[in-house]
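So the structure is just underneath, and the comments pick up after that.
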Amino acid sequence: MMKTAIRSITLICILLGFLGYSQNKKNFSGIPNILQQIIPNDRIDSWVLVYNTYGKNQEIKTSGGKTDYTPQFSGFDLFPEEDSFYYIAYASGGKINYITDLEDLKKFVGKIDNAEEAAIVLTAEGYMVDEEFKDVAGNYYEDAANYYLDLGKLTSKECPYQKTHYTLTVNKAAGAVSNVKDNGTYIELYNKKCANNPRLLKIQKKEEPKDEPKKSTKRK
């Protein structure tokens, strides 16, 4: 009887803990805000995060004083197929360096210090914070050991264009992904040229002609 009671209490505690973490899910607050949470681990004298849209540069964040940099004409984005881009200019050891791609951004982040940095690092693996679908592909929660991120991924550029959402467990101490859960497709888009467009198939499907009644061959 005592063992049964202990087991019941343990199960209730586990369920309450799970529900508590589920209710504490937080939506990522937008790509500019995600990038502003970067805490570089290497020795950096100063750095600036720049957003370029329609050829105009806007400084989103500066850290460590003024950085004299040359405007860049290419960069990275945390969301695929954006017209705009970001880049980072940083001063280290009297030299100005630039971050213009996701792999270099991952190195610049270094050790993961927060959930936003975890999302940035995972972007280099093809995952993304989908701002249009934050409830399924743009949120996270955490416990003492891990970050749990719900992120999207472009899984097909062909017909149909498709996105899948995943829950990724990132260990806080090691910064490594310990588990990836596939939650399935959350968006599929067909265009007019798609051979497997279900709407197009319905239109193309013609009704089978009905058999005409046979004429009588009897003579009067």
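Please treat every number below as a calculation from the coordinates, not as lab data. Everything numeric here is computed off the predicted structure, so don't read it as measured data. Backbone-built Cβ (ideal geometry, glycine too); neighbour counts: all protein chains shown.
Which entries of Lys56/Lys95; Lys26/Lys95; Lys95/Lys153; Lys61/Lys134; Lys61/Lys153; Lys25/Lys111 have Cα-Cα distances beyond 30 Å here? Write down the numbers at each step before the final one.
Details: Lys56/Lys95 24 Å; Lys26/Lys95 38 Å; Lys95/Lys153 36 Å; Lys61/Lys134 24 Å; Lys61/Lys153 27 Å; Lys25/Lys111 23 Å.
Violating the 30 Å limit, Cα to Cα: Lys26/Lys95; Lys95/Lys153.
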ask   = Counting only residues 5 or more places away or on other chains, whose amide H sits under 5 Å from the amide H of Asp45 once H atoms are built in the peptide plane?
value = Ala91, Ser92, Gly93
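So what is the relative contact order for the stretch 30-167, in percent, with contacts set as C-alpha pairs under 8 Å and at least six apart?
On the way: 246 pairs, mean separation 26.0, N = 138.
Reported relative contact order: 19 percent.
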inquiry  = Once you place label points 7 Å from the Cα toward the Cβ at Asn179 and Glu59, how far apart are they in nm?
reply    = 4.4
query = About the Cα centre of the stretch 55-171, what is the dipole size in debye to 20, counting +1 per Lys and Arg Cβ and -1 per Asp and Glu Cβ, all else neutral?
reply = 420
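Compare the peptides 153-159, 118-124 by average per-residue count of other Cβ atoms within 10 angstrom and give them in order, highest first.
Ranking the peptides 153-159, 118-124 by packing returns 118-124, 153-159.
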request  = Mind computing the radius of gyration and Dmax over the alpha-carbon atoms of the stretch 24-91? Å is fine for both.
outcome  = 12.9, 42
ask   = Using the C-alpha atoms of the stretch 109-149, what convex hull volume per residue, in cubic angstrom, is computed?
value = 69
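Shape of the stretch 50-138 from its Cα gyration tensor (a ≥ b ≥ c, root eigenvalues): rounded if a/c is under 1.5, otherwise prolate when a/b > b/c, or oblate? Can you show the working numbers first?
Details: a/c = 2.10, a/b = 1.41, b/c = 1.50.
The shape class here is oblate.
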ask   = Given the Cα-Cα distance of Asn191 and Glu103 and 0.36 nm per residue of separation, how much length would full extension add, in nm?
value = 28.4 nm
remark   = Among the stretch 128-151, those whose backbone N falls under 12 Å of a label point 7 Å along Cα→Cβ from Asp83 are none
